[in-house]
Amino acid sequence: MSELVPEPRQKPVVPMKPMGINANLLGYIGIDTIIEQMRKKTMKTGFDFNIMVVGRQRPVEVLGAMPGCEARKGGQEGADSACSRGKDSSHKARRYLQPFLLPAWLHPLGLLSVHKPRAFSLQSSGQSGLGKSTLVNTLFKSQVSRKSSGWNREEKIPKTVEIKAIGHVIEEGGVKMKLTVIDTPGFGDQINNENCWEPIEKYINEQYEKFLKEEVNIARKKRIPDTRVHCCLYFISPTGHSLRPLDLEFMKHLSKVVNIIPVIAKADTMTLEEKIEFKQRVRKELEVNGIEFYPQKEFDEDLEDKTENDKIRQESMPFAVVGSDKEYQVNGKRVLGRKTPWGIIEVENLTHCEFALLRDFVIRTHLQDLKEVTHNIHYETYRAKRLNDNGGLPPMTAETEENHESNL
């Protein structure tokens, strides 16, 4: 708490800042880092570009003369256009082609990412009363998730889990993001919670099916609407003891179809020692039960990713957070926080909670990777199974059904 909380024994983890960006210039949310995340990914993996040259056999001239390179005449050598001056020439060639080494949507002149919002879907799950909506609203500093007002005595508790998706377009630093927040009221609120995760799993798979059907259309859209769930924040009750059987069953089933990020809610109800012990216990229970949360070890692309993600898996997860959409005056500046009789809990203060770490992780450093793992792993797994079950044929869409009927 402000000025009243003793310094923690363990030094807090410094939040991860995107490389190449001045953290002081970032907005509150940090969605303007998406461009940098994409650039970094592209520079790591590269991309394919195949060009065909048709015409009489002559020295190849592509995009003008390349500094330090000489086109060789004759046959295959002419097509190779190899550089012949060692490392210095290679560096010059790289610098010459630098503007062309990035896709149009990453090039400073290609503002596709700026003018067309990048889609991102975030799901929050966990039992009622853990502050899910408040935390999501705090993440994006706006009312993107509807708060539940609780149940009146006259109202009946719903018998099944509801799925509520709310879409928003938010903008920061000239970058737009189409954000979809999926809430799951009713989860874990029944006397019998057997298989209560099934409606959530069904919803996630329905979004994969919707994307697959759009993908196999003969005249498909230029940009397929992406409603797939890229990330699921699972809220854990701050009991300080262990995970509930429901927590384990939910994460065991859902981790196979979506990126799960475990979060300890209302972390201000625990002491610093209790928080550290509980985080360790949760990690151990997840490991014993074979539950893989994001970032999954098997998807680390290189040594740099492994080193960074190992630190997150071993130190940060699960994030112990506090959410609040109210501001208070602390040391002459306005901060988001929760007021208590003994002081103010500052949401963005790392000595109070790990909200800043969670925000940096989900939005500023791993948002693009969350989308890629969703597309390349979870969606591809669903797609392969779906096509295999269908005998290798794509699923029938409204368009293909109409064509089939007209042919008959």
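The values are calculated or read from the model by the stated rules, or taken from the named source; none is laboratory data. Please read these numbers as outputs of a predicted model, since none were measured by experiment. Here Cβ is always computed from backbone atoms with ideal geometry, including for glycine, and neighbour counts include all displayed protein chains. All accessible areas refer to the heavy atoms of the entire protein, side chains included, with ligands and DNA or RNA removed. Shrake-Rupley method; radii C 1.70, N 1.55, O 1.52, S 1.80 Å.
Note on the stretch 288-385: with charges restricted to the Cβ of Lys and Arg (+1) and Asp and Glu (-1), its dipole about the Cα centre is near 660 debye. Calculated FRET efficiency, Arg223 to Thr271, Cβ-Cβ distance, R0 = 51 Å: about 0.55 to the nearest 0.05. A simple spin-label model places the labels of Lys164 and Glu304 4.2 nm from each other, with each point 7 Å out along Cα-to-Cβ.
Measuring between alpha carbons in the structure, the pairs from Lys141/Lys275; Lys266/Lys371; Lys40/Lys164; Lys178/Lys385; Lys164/Lys222; Lys222/Lys326 lying more than 31 angstrom apart are Lys40/Lys164; Lys222/Lys326. Protein heavy-atom surface of the stretch 187-266, 1.4 angstrom probe: 51% of the accessible area is carbon and sulfur, with nucleic acids and ligands not counted.
Compared with the alpha-carbon gap, the fully stretched path from Lys311 to Ala384 is longer by 23.0 nm at 0.36 nm per residue.
The relative contact order of the stretch 319-358, computed from alpha carbon pairs under 8 Å that lie at least 6 residues apart in sequence, is 40 percent.
Here the stretch 230-376 yields Rg over Rh of 0.99, to two decimals, using C-alpha coordinates and the Kirkwood radius.
Tell me the net charge near Leu358. Cut-off is 12 Å between Cβ atoms, Leu358 excluded, with +1 for each Lys or Arg and -1 for each Asp or Glu. In short, -1. Qualifying trypsin sites (Lys or Arg not before Pro) in the stretch 297-338, where qualification requires a DSSP coil assignment and no more than 15 other C-beta atoms within 10 Å, comprise Lys326.
The alpha carbon centroids of the stretch 189-242 and the stretch 286-303 are separated by 20 Å. I'd like the GluC sites (Glu not before Pro) in the stretch 175-268 restricted to DSSP loop residues with at most 15 other Cβ atoms within 10 Å, sorted by number. For GluC sites (Glu not before Pro) across the stretch 175-268 that sit outside H, G, I, E and B with at most 15 neighbouring Cβ atoms in 10 Å, the list reads Glu194.
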